[in-house]
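Asker: Just dropping this structure here.
Just so it is clear, none of the values below were taken in a lab; they were calculated from the coordinates. Being a predicted model, the structure only gives us computed values, none of them experimental. Note that we place each Cβ from the backbone using ideal geometry, even for glycine, and neighbour counts take in every protein chain shown.
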Amino acid sequence: MRAKKNRHIPAPQQLPRILDNKFVQGLAQQAKLSLSANIPGFAAAIRDAARRYVAAMATPSDVVMRDEIKALYSAADRHRYKETATRIGKLSKQTQAFLKTRGVAGLAIPKPKALINRATRDKACETVGRLLRVGMKKGGKPLLYAPQPRQRPPRRKAELEFVMWLEVAYLEATGMPPPLTANPQRPGPFARMVQTCLDRIAPGANAVEMLNELHRRRKLKG
């Protein structure tokens, strides 16, 4: 099962069309669920797993948040008023929440309109700079208040959690846990079903790798 090059993740509003009844029925057949299996519960769990994954991937990663902060600081430092106003208006909710933890008395990200008003725009740029800059590095580069990138990419974590919820969907439908490992040369029905889901929701991920990695992690924990 080769990983696909396309890495586009569907938007939440696309999920009902992607995970329609025909597709979910095909998953049940691919996983070889018996006639006694709880197919409606299986369908609901599959859709819930997809919603969880798409929602997780919609959350900006630490790297994206750092990029937002760096770009905003650069615009404000150069007193590019319109660009600064635009970047403030487009800050993600996660980045806004992060900047509120800065804890500098009397300082907050100014409203975009403060960058348009001639009387307040310079002070607004200075406020952004003071809020985002925590010091200076050697060579005169600013040290910014921004999250440190995590060692493990968040996408991998979200993919593993998606596969875990697919395991739960199988368990709830059949009353039995699915195979927890997969053979790369001969993936079983469940692994093939997982790959079909990944191809639709998390393209580029490899079901065999995900299942085996989850199994290794469980063994290490316990």
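Asker: Under 1.5 on a/c is rounded, so check that first for the stretch 62-144, then, if it is not, pick prolate when a/b is larger than b/c and oblate when it is not; a ≥ b ≥ c are the square roots of the alpha carbon gyration tensor eigenvalues. Display every interim value, and only then the final one.
Answerer: Details: a/c = 1.44, a/b = 1.21, b/c = 1.19.
Taking the square roots of the gyration eigenvalues as a ≥ b ≥ c, the stretch 62-144 is rounded.
Asker: Once you place label points 7 Å from the Cα toward the Cβ at ARG102 and ARG51, how far apart are they in nm?
Answerer: Once both label points are built, they end up 3.6 nm from each other.
Asker: Report the local net charge at SER92: Lys and Arg +1, Asp and Glu -1, summed over other residues whose C-beta lies under 15 Å from its C-beta.
Answerer: On the way: positive: ARG66, LYS70, ARG87, LYS90, LYS93, LYS100; negative: ASP62, ASP67, GLU68.
Taking every other residue near SER92 into account, the sum is +3.
Asker: May I ask you to list the trypsin sites (Lys or Arg not before Pro) in the stretch 26-117 that are in a DSSP loop and have at most 14 other Cβ atoms within 10 Å of their Cβ?
Answerer: LYS32, ARG78, LYS90
Asker: What angle do you read, to the nearest 10 degrees and between 0 and 90, between the alpha-carbon axis of helix 207-221 and the longest principal axis of the chain?
Answerer: Once rounded, the angle reads 80 degrees.
Asker: Computed from these coordinates, which is Kirkwood radius over Cα pairs in Å: (1) 18.2; (2) 20.4; (3) 17.0?
Answerer: After the calculation, the listed value that fits is (2).
Asker: As a check on your grasp of the helix formula, calculate [θ] at 222 nm for the chain: sum -39500 (n - 2.57) over DSSP H runs of n ≥ 4, divide by the residue count, round to the nearest 500.
Answerer: Numbers: 10 runs with 127 residues, N = 222.
Mean residue ellipticity at 222 nm (helix-derived): -18000 deg cm²/dmol.
Asker: What residues have an amide H closer than 5 Å to that of ARG133, excluding those fewer than 5 places away on the same chain, when H is modeled at 1.01 Å from N in the peptide plane?
Answerer: Result for ARG133 returns TYR145.
Asker: Quick one: dipole size for the chain, taken about the Cα centre, charges +1 on Lys/Arg Cβ and -1 on Asp/Glu Cβ, in debye to the nearest 20.
Answerer: 960
Asker: Fewest to most neighbouring Cβ within 10 Å: what's the order for HIS8, HIS215? Mind dumping the intermediate values first?
Answerer: On the way: HIS8 8, HIS215 14.
With the fewest neighbours first, HIS8, HIS215 line up as HIS8, HIS215.
Asker: Once Lys and Arg get +1 and Asp and Glu get -1 on their Cβ, which of GLY129, VAL64, SER92 lies farthest toward the positive end of the dipole of the stretch 62-144?
Answerer: GLY129
Asker: Taking Cα pairs under 8 Å and at least six residues apart, what relative contact order does the stretch 62-144 come out at, in percent? Walk me through the numbers before you get to the answer.
Answerer: Values: 85 pairs, mean separation 26.0, N = 83.
After rounding, I find 31 percent.
Asker: Using the structure shown, list the pairs from LYS90/LYS137; LYS111/LYS138; LYS70/LYS123; LYS100/LYS123; LYS82/LYS138; LYS90/LYS113 with a Cα-Cα distance above 23 Å, or answer none. Could the numbers behind the result be given before it?
Answerer: On the way: LYS90/LYS137 28 Å; LYS111/LYS138 32 Å; LYS70/LYS123 19 Å; LYS100/LYS123 19 Å; LYS82/LYS138 30 Å; LYS90/LYS113 13 Å.
With Cα atoms farther than 23 Å apart: LYS90/LYS137; LYS111/LYS138; LYS82/LYS138.
Asker: Find, among the trypsin sites (Lys or Arg not before Pro) in the stretch 124-181, those assigned to loop by DSSP (not H, G, I, E, B) with at most 13 other beta-carbon atoms within 10 angstrom.
Answerer: LYS137, LYS138, ARG150
Asker: Can you give me the angle between helix 62-77 and the longest principal axis of the chain, using Cα atoms only, in degrees from 0 to 90, rounded to the nearest 10?
Answerer: Approximately 20 degrees, to the nearest 10.
Asker: Taking only C-alpha pairs under 8 Å that are 6+ residues apart, what is the relative contact order of the chain in percent? All intermediate terms of the calculation are to be shown ahead of the outcome.
Answerer: On the way: 252 pairs, mean separation 69.5, N = 222.
Computed over the chain, the figure is 31 percent.
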